[in-house]
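J.: Before I ask anything, let me first share the structure, which is written out below as structure tokens.
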Amino acid sequence: MTVTILSTERARTVFRYAVMAVGSLFLLGTSSSSAQTIRYSKPIVIFKGGVYRGNWQSLDPKVAAVTISTPEPVTIEYSNIKSRGRLIYSAFHNANLTVRNSRGQALNPNTPLKDYKTPGRFVHLEQFRNVKIENNELSGTSGIYLREFTGKFKLGQTIKILRNKALNIDGRYSIGKEQYSKTGYHLVQFVQFNQIKNVSGAEIAWNQVINEPGKSRVEEIISMYLSSGVPSSSIKIHNNYLQGAFNVQPTKLSYGGSGMNLGDGSSRTVAGAAAYIRAFHNQIVGTNSGIAMSAGHNLLAYENRLISSGYLPDGRAIAGQNVGIYVWDIHNDKRFKTFYNVVARDNIVGWSTPLKGRASVNPFWFPDCSRDRNGRSLCQGNVSLPGPITLGRERQEYVRWQAKLRASKVRIGVLPPGR
């Protein structure tokens with residue numbers, strides 16, 4: 001497979017004419033069983049900025065398929081990436097990365113349990129300046145991990161994760177050739193912000209994530225761990241469709257995961273806490289808990305739809321089924337004055353707990369919701385749908401999502417060249 005590399009200066013001019021050949025091979029190679037077989041190259045290390053297109057594969061769980069070792073702007077597009085380890089990786093190089101219109105597939109590391117290896121992250125960045133992950137398709141990966149943002153918004157540097165499709169975010173440990181543990185796992189997410197501080201313009205939007213029981217093990221689908229926007233620019237998490245969050249044995253084991261956690265991690269300082277995050281117009285379906293708000297300040301969840309029947313697709317009840325939305329100072333951070341202005345309002349929640357009774361529902365738990373000057377809870381306007389919430393109701397949410405995409409003229413996943 002030939003790797004096409006364009007200089008940053010020439011990329012926009014050449015794009016329309018040069019992408020067609022590589023893009024066509026990419027789309028043909030993954031769209032049908034009769035399509036042309038993809039030819040993979042060995043892992044690549046990128047030392048120079050530019051636009052890169054190719055197909056890369058790593059069969060060594062210790063080696064990423066693509067490694068970024070430059071602070072210069074790098075774009076990866078119309079590419080196929082497979083790996084037994086990380087797919088795209090950069091650490092301590094102040095990466096400026098765009099990944100778009102590409103497909104990533106994680107392979108079983110094929111290692112013994114003692115190595116504690118999970119499927120690789122689609123993108124894993126530590127100490128980076130800028131990242132855009134747009135219109136990609138992920139299969140079996142352990143998601144997107146971002147730690148320590150070093151960029152400057154005045155230079156246009158931020159975080160954008162938009163219009164991607166992901167199937168089966170998986171943190172199960174490998175226990176040998178094509179086998180995964182039925183008990184052991186690492187905590188992974190579709191998106192994990194880890195100590196991303198004071199970022200402006202950050203957005204996670206219009207992504208579709210579907211996890212299947214027995215083929216995935218996600219903790220929160222989206223997690224904001226000790227991460228923050230700024231007062232003038234909250235981190236925006238909106239118009240995502242998040243379906244399924246399961247333990248490795250969902251009918252037997254307890255489980256603390258959720259659709260999203262907007263404030264994860266305890267902090268003794270206001271500056272260190274999760275803060276200035278807004279989640280709105282999301283659909284969260286069939287997860288243990290829908291939205292968790294367990295730490296931080298200036299967090300707001302509003303006008304989301306959360307639907308869960310408490311059953312697996314085959315009709316078995318889920319042991320860890322919990323609550324639709326909660327606002328709970330789980331670490332008792334009020335003692336440090338770092339938990340405040342945390343509100344969930346105007347959400348629609350249908351959250352069944354069938355192991356407690358056929359019509360039992362548990363939509364909200366707001367022991368630590370912020371209050372106005374008169375002592376009234378600000379968690380107002382939330383609507384609980386009557387039970388039982390059925391699997392049919394869950395399926396209707398996906399139909400609603402598809403209609404929403406059409407009405408908004410949003411196209412998710414890999415787009416044909418020229419779009």
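The values are calculated or read from the model by the stated rules, or taken from the named source; none is laboratory data. Every value quoted in this text rests on a predicted model; they were computed, and no experiment measured them. Virtual Cβ from ideal backbone geometry, glycine too; neighbours counted across all protein chains shown. SASA here: full protein model, heavy atoms, side chains in, ligands and nucleic acids out. Shrake-Rupley method; radii C 1.70, N 1.55, O 1.52, S 1.80 Å.
J.: If a residue must be open to solvent by less than 40 Å² (accessible area, probe 1.4 Å) and at positive phi, how many such residues does the range 62-93 contain?
T.: 1
J.: Taking the conditions exactly as written (touching a residue at least 40 places away in the same chain (Cβ under 8 Å) and either more than 28 Å from Asp264 (Cβ to Cβ) or of a type outside the set (Asp, Glu) (or both)), does Arg411 satisfy them or not?
T.: For Arg411, the condition - touching a residue at least 40 places away in the same chain (Cβ under 8 Å) and either more than 28 Å from Asp264 (Cβ to Cβ) or of a type outside the set (Asp, Glu) (or both) - is met.
J.: So, in the range 134-154, of the ones that are part of a strand (DSSP E or B) and touching a Leu at 6+ places or on another chain (Cβ under 6 Å), which residue ends up least open to solvent (accessible area, probe 1.4 Å)?
T.: Selected residue: Leu146.
J.: What residue, among those in the range 166-194 that are out of contact with any Lys or Arg (no Cβ under 6 Å at 6 or more places or on another chain) and of a type in the set (S, T, N, Q), is least open to solvent (accessible area, probe 1.4 Å)?
T.: By that ranking, first place goes to Gln189.
Let's see how each residue does on (1) open to solvent by 30 Å² or more (accessible area, probe 1.4 Å); (2) farther than 30 Å from Glu137 by Cβ; (3) not in a helix (DSSP H, G or I):
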position	(1), (2), (3)
Asn341	yes, yes, yes
Ala344	no, yes, yes
Leu355	yes, yes, no
Ala359	yes, yes, yes
Cys369	no, yes, yes
Ile389	no, no, yes
Tyr398	yes, no, no
Arg406	yes, no, no
Gly413	no, no, yes
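J.: Pairs please, first residue from the range 99-113 and closer than 15 Å to Pro416 by Cα and at pLDDT 95 or above, second anywhere and open to solvent by 40 Å² or more (accessible area, probe 1.4 Å) and not in a strand (DSSP E or B), Cβ atoms under 9 Å, 6+ apart in sequence or on different chains.
T.: What qualifies is Asn101/Pro416; Asn101/Arg419; Arg103/Thr30.
J.: Val218: open to solvent by 10 Å² or more (accessible area, probe 1.4 Å), on the phi < 0 side of the Ramachandran plot, among the β-branched types (Val, Ile, Thr) and at pLDDT 95 or above, yes or no?
T.: Against the criterion (open to solvent by 10 Å² or more (accessible area, probe 1.4 Å), on the phi < 0 side of the Ramachandran plot, among the β-branched types (Val, Ile, Thr) and at pLDDT 95 or above), Val218 does not qualify.
J.: Has the range 26-38 got at least one residue that is within 30 Å of Pro112 (Cβ to Cβ), at pLDDT 95 or above and out of contact with any His (no Cβ under 8 Å at 6 or more places or on another chain)?
T.: Within the range 26-38, not a single residue is within 30 Å of Pro112 (Cβ to Cβ), at pLDDT 95 or above and out of contact with any His (no Cβ under 8 Å at 6 or more places or on another chain).
J.: Next question. Going by the structure shown, is Thr183 part of a loop (DSSP other than H, G, I, E, B), polar (S, T, N, Q) and farther than 28 Å from His281 by Cα?
T.: For Thr183, the condition - part of a loop (DSSP other than H, G, I, E, B), polar (S, T, N, Q) and farther than 28 Å from His281 by Cα - is not met.
J.: For Phe122, all conditions in the list (1) farther than 23 Å from Asn80 by Cα; (2) aromatic (Phe, Trp, Tyr); (3) open to solvent by less than 50 Å² (accessible area, probe 1.4 Å) hold save one; what is the number of the exception?
T.: (1)
J.: Anything in the range 249-275 that is over 25 Å from Lys182 (Cα atoms) and surrounded by fewer than 24 Cβ atoms within 10 Å (Cβ to Cβ)? List them, or say none.
T.: Hits for the range 249-275 are Gly265, Ser266, Ser267, Arg268, Thr269, Val270, Ala271, Gly272.
J.: Out of all the residues in the range 170-187, is one or more of a type outside the set (A, V, I, L, M) and over 30 Å from Thr251 (Cβ atoms)?
T.: No: the range 170-187 contains no residue that is of a type outside the set (A, V, I, L, M) and over 30 Å from Thr251 (Cβ atoms).
J.: Right, here's the next one. Conditions: (1) at pLDDT below 95; (2) aromatic (Phe, Trp, Tyr); (3) surrounded by fewer than 24 Cβ atoms within 10 Å (Cβ to Cβ). Phe246 meets all but one. Number of the miss?
T.: Condition not satisfied by Phe246: (3).
J.: Hey, another quick one. Failed condition for Lys337, given (1) at pLDDT 95 or above; (2) open to solvent by less than 70 Å² (accessible area, probe 1.4 Å), with all others met?
T.: The failed condition is (2).
J.: State whether the residues of the range 321-334 include one that is in contact with a Ser or Thr (Cβ under 9 Å, 6 or more places away or on another chain), open to solvent by 40 Å² or more (accessible area, probe 1.4 Å), modelled with pLDDT of 95 or more and basic (Lys, Arg).
T.: No: the range 321-334 contains no residue that is in contact with a Ser or Thr (Cβ under 9 Å, 6 or more places away or on another chain), open to solvent by 40 Å² or more (accessible area, probe 1.4 Å), modelled with pLDDT of 95 or more and basic (Lys, Arg).
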